[in-house]
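Trainee: What follows is a single structure, and I will ask about it in a moment.
Laboratory data are not the source of any read-out in this text; all were calculated from the coordinates shown. Worth saying up front: this structure is predicted, and the values here are computed from it rather than measured. Reconstructed Cβ throughout: ideal geometry from the backbone, glycine too, with neighbour counts over all protein chains shown.
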Amino acid sequence: MWRRPALAVSAVLVCACGSSAARPATGSGTTGGAASGSPPPSQRCGPAGAATLAADGAGRVYVRGGSVIACSSRSGRHYVLGSHGSCLGGRTRVAPVAVAGPLVAYGTRTCGVDTSQSAVHVRRLSDGSALRTLTASTSIRRPESFVSVTALVLARDGAVAWIAVGGSILGGTRFTEVHAFTGGRARVLDRGAGVDPKLLRLAGGVVRWRHGGAWRSARLA
């Protein structure tokens, strides 16, 4: 039986391409290239001792003081994406996270009374500007329902795929879905109880997941 606290609900798809930025982290670096005598970009993208959630040569997402922070190796700027851990108490929980070239994608979850909302975001690392915000799923819209993002992959061109798990206490239902946003449109790639909620891979522009023990795939194009 599912537990009642802080469950999740889906919302209507929003695709917002604009210039809104994540909240700058305290003590964020300056914009532009590295100044003379400053550490190289790879060494100034967040504290070395902080737990890393995702990274590549262009940037890093790490945890510090209970916050999830994204930083750009090129510009040295840092942005708070949300909270690490629970979504209770009005916090926005961030997980999972992916970094690909100049972009970062991440899932968020905000909780209400027996409900919550989950979404997928894509931002530009260099200045924190939002490229798009997508709902995790639109399958269930009723009281005491939930949805969360359990896996996520990101391509360098901004195409993103994720797995959403959700259900409804009142309806006694549960679902697992594979979603993608490519070419300006959202798609449901697969659904069913046999989808592994944690296993999602991206290589060569092809996203892969497991359903009923067998691999399935789709091209992110």
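Trainee: Would you compute, for the Cα atoms of the stretch 23-214, the largest minus smallest coordinate along each principal axis and list the three values in descending order, in whole Å?
Mentor: 61, 40, 29
Trainee: Using only the Cα atoms of the stretch 131-218, what are the Rg and Dmax in Å?
Mentor: Every Cα atom of the stretch 131-218 included, Rg and Dmax give 13.1, 42 Å.
Trainee: Let me ask you something else. Taking amide H positions as placed in the peptide plane 1.01 Å from N, state which residues far from Ser83 in sequence (5 or more) or on other chains have amide H under 5 Å from it.
Mentor: Val68, Thr92, Arg93, Val94
Trainee: Further question: Go through 60-66, 97-103, 49-55 and give me the packing order, highest mean Cβ count within 10 Å leading.
Mentor: Highest-to-lowest ranking by the protection proxy: 97-103, 60-66, 49-55.
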